[in-house]
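Enquirer: For reference, the structure I am asking about is given below.
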Amino acid sequence: MPRRLFSVGLLTLSFALTISSAHAQTGILKLPLINDPIMNPVIAPDLGSVLINKVIFPGLVRPNEDLLPEPDLAKSWTITGAGLVYTFILRNDVKWHDGKPFTAADVVFTFKAATDPKSGSRLVSDFSPIKDVVAVNPTTVRFTLSRPFAPFLTLLGHNAGILPKHLLDGKPLNDATAFNRSTPIGTGPFKVTRVVPGASITLEANKDYYGTKPKLAGMVFKVVPDINAQVAQLRSGELDWVNVEPNSLTSLQNDPNITLKQANAVQHFLVFFNQKNPLFAPAKVRESMQYAVNRKAIIDGVLKGYADYPTGTLPTALKKYYDKTIKPIQYDPARAKALLAQAGWKPDARGQLVNAKGEPFKFTLIVDRGNPSREQAALAVQQDLKKIGMDVTLQPLEFATLVRDYLLPGKYDANLIWWTTPPDPDQYAYYATGQDNNSAYFSNPRADELLKRGRETANVALRQQIYNSFQRLQMTDPPVLVLYYPKELQAIRKNLSGVPDLGIRDALRHSEDFQLK
């Protein structure tokens with residue numbers, strides 16, 4: 001659709017929704033996505049999908065401003081049976097967007113699918129301790145766990161939106177193309193009314209929403225992969241909220257219509273080295289990378305200081321579990337070369353790293369196109385690794401292509417990307433052998449043991465000891481190259497209010513409170 005026609009259509013929709021909505025609803029909130037989403041929280045693999053799913057599909061609980069679980073579809077819960085039985089009392093006033101009643105059967109269906117590897121679920125690792133889930137009655141659900149599971153409530157409020165059994169039962173979730181791409185049905189404060197692939201997803205306020213009635217008339221998620229284009233549209237009023245990169249701050253700081261704020265995000269930006277590739281299987285090779293890349297230069301130069309220096313995969317935002325006593329690995333190319341020599345890689349006459357057979361250390365590093373911070377960080381990684389003799393080709397790709405064709409099938413050498421993990425130190429799904437999000441194919445028996453014990457231990461002091469050990473293990477056998485822990489920089493138009501002091505992913509769980517004046 002031509003841009004002009006799309007804009008006219010958007011204005012028409014805004015007017016129609018505004019004049020027809022009740023409860024003094026005004027305005028259409030406009031947010032960017034970097035890819036076309038999959039509107040199904042159980043199988044969604046990427047950021048764009050996660051953001052819009054937060055609005056469409058509530059979970060049993062959601063995070064409050066302290067990132068602690070508070071009731072959502074569940075009114076209350078009890079924990080019995082030595083911590084193995086969770087019983088949730090559900091709200092009895094919830095309807096699906098198609099008018100059907102929400103019941104315990106939907107919860108059972110969702111978690112049966114979420115824990116079934118054949119369903120296409122991306123949540124199998126998150127909820128593998130679920131032994132059984134049953135509907136006691138239409139408004140009561142009982143989970144029985146096979147073992148203690150400390151992050152259970154946190155994970156229920158992270159990405160585990162509830163799906164409608166009456167629309168999806170009896171078919172593989174990945175095959176429900178119409179539901180996933182154009183006609184999702186949730187219970188959230190906004191419901192999808194129109195999808196234009198590659199352009200936008202339009203939502204209107206759900207008049208039957210069980211919580212506080214939405215103050216907005218609707219929302220539009222616009223597909224805008226390029227961050228500079230997002231910033232330009234924010235300044236022109238075509239977008240209302242953009243998470244920006246540090247190099248955009250100068251152009252926004254003096255804009256009287258925009259407020260800038262920081263949020264602590266539980267994130268680590270990293271480079272996956274595909275350990276199915278023999279180049280990266282040896283721990284000493286991956287350890288050498290920690291010394292070879294000047295991460296302080298990336299933080300100071302690319303991020304303008306808006307990031308913390310890393311010591312591993314657990315970020316500083318997890319204050320209770322981040323081990324401050326670990327001395328971070330600093331830039332030391334000589335040390336990197338020495339470790340590579342121990343792994344059998346030495347420079348030839350031209351300074352290129354080769355093995356005993358004379359084969360070069362050669363690989364391709366992929367990164368998503370359109371984000372200057374990630375592109376510049378990838379270039380810095382490439383140049384630093386070239387300095388120690390590696391032959392590194394940089395390949396920018398569209399984000400959707402990178403995830404679908406390279407990351408998920410494991411068809412890549414190295415990949416600069418990021419993880420936003422739950423507000424809990426549990427990283428079993430990301431770094432335990434064979435788990436859903438272990439895209440680096442990292443495998444270490446000691447790490448597996450620690451990650452398993454960490455999620456099964458409720459005592460905070462003991463959990464701290466376990467995760468401190470996991471962080472220390474990463475000093476010599478790093479699963480990935482962690483580049484930095486970013487600060488989430490939010491640029492919000494000043495006429496938008498009601499946004500909680502959270503990262504955008506968690507804030508969207510409270511979208512019924514957003515208001516445009």
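The values are calculated or read from the model by the stated rules, or taken from the named source; none is laboratory data. Quick caveat, the model's predicted, so the values are computed rather than measured. Heads up, the Cβs are rebuilt from the backbone with ideal geometry, glycines too, and the neighbour counts pull from every protein chain shown. The area values use the complete protein model at the heavy-atom level, side chains included, leaving out ligands, DNA and RNA. Shrake-Rupley method; radii C 1.70, N 1.55, O 1.52, S 1.80 Å.
Enquirer: Angle check, please: helix 3-20 long axis (alpha carbons) against the longest principal axis of the chain (alpha carbons), in degrees 0 to 90, nearest 10.
Expert: 40
Enquirer: Which listed residue (L340, T316, Q376) has the Cα farthest towards the positive end of the charge dipole for the chain, taking +1 on Lys and Arg C-beta and -1 on Asp and Glu C-beta about the Cα centre?
Expert: Farthest towards the positive pole: L340.
Enquirer: Next question, about the same structure. Quick one: helix 333-342 against the long Cα principal axis of the chain, what's the angle to the nearest 10°, folded into 0 to 90?
Expert: 80
Enquirer: Let me ask something else. Note down the accessible area of K362, probe 1.4 Å, to the nearest 10 Å².
Expert: Here the accessible area works out near 120 Å².
Enquirer: Another question, if that's okay. Per DSSP H run of at least 4 residues, take -39500 (n - 2.57); add these up for the chain, divide by its residues and hand me the 222 nm value, nearest 500 deg cm²/dmol.
Expert: Values: 15 runs with 138 residues, N = 517.
One gets -7500 deg cm²/dmol as the mean residue ellipticity at 222 nm.
Enquirer: How long is the gain from R147 to T212 if the chain were fully straight, where each residue apart is worth 0.36 nm and the alpha carbon distance is subtracted?
Expert: 19.8 nm
Enquirer: Would you mind working out the accessible area per residue for the range 182-317, using a 1.4 Å probe, and quoting it in Å²?
Expert: Per-residue value: 34 Å².
Enquirer: A further question on this structure: Once the Cβ-Cβ distance between T364 and A178 is put in as r, and R0 is 22 Å, what FRET efficiency do you end up with, to the nearest 0.05? Before the final figure, lay out the partial values.
Expert: Numbers: r = 36 Å, r/R0 = 1.64.
That gives a FRET efficiency of 0.05.
Enquirer: What pairs from K207/K517; K118/K213; K222/K304; K118/K296; K118/K327 go past 32 Å between their alpha carbons?
Expert: Those over the limit are K118/K213; K118/K296; K118/K327.
Enquirer: Ok, one more. Just to be sure I understand the model, the point goes 7 Å from the Cα along the line to the Cβ. What's the resulting S236 to E70 distance in nm?
Expert: With each label point 7 Å from Cα toward Cβ, the separation is 3.7 nm.
Enquirer: Something else: Kindly report, to the nearest 10 Å², the accessible surface of T78 as traced by a 1.4 Å probe over protein heavy atoms only.
Expert: 80
Enquirer: Probe radius 1.4 Å, ligands and nucleic acids left out: which of H166, H268, H97 has the largest accessible area, and how do the rest follow?
Expert: Largest to smallest exposure gives the sequence H166, H97, H268.
Enquirer: Still on this structure: Roughly how big is the range 249-317's charge dipole about its Cα centre, with Cβ charges of +1 (Lys, Arg) and -1 (Asp, Glu), in debye to the nearest 20?
Expert: Roughly 240 debye for the range 249-317.
Enquirer: Roughly how many debye, to the nearest 20, is the charge dipole of the range 225-285 about its Cα centre, given +1 on each Lys and Arg Cβ, -1 on each Asp and Glu Cβ, and no other charges?
Expert: Dipole of the range 225-285, to the nearest 20 debye: 440 debye.
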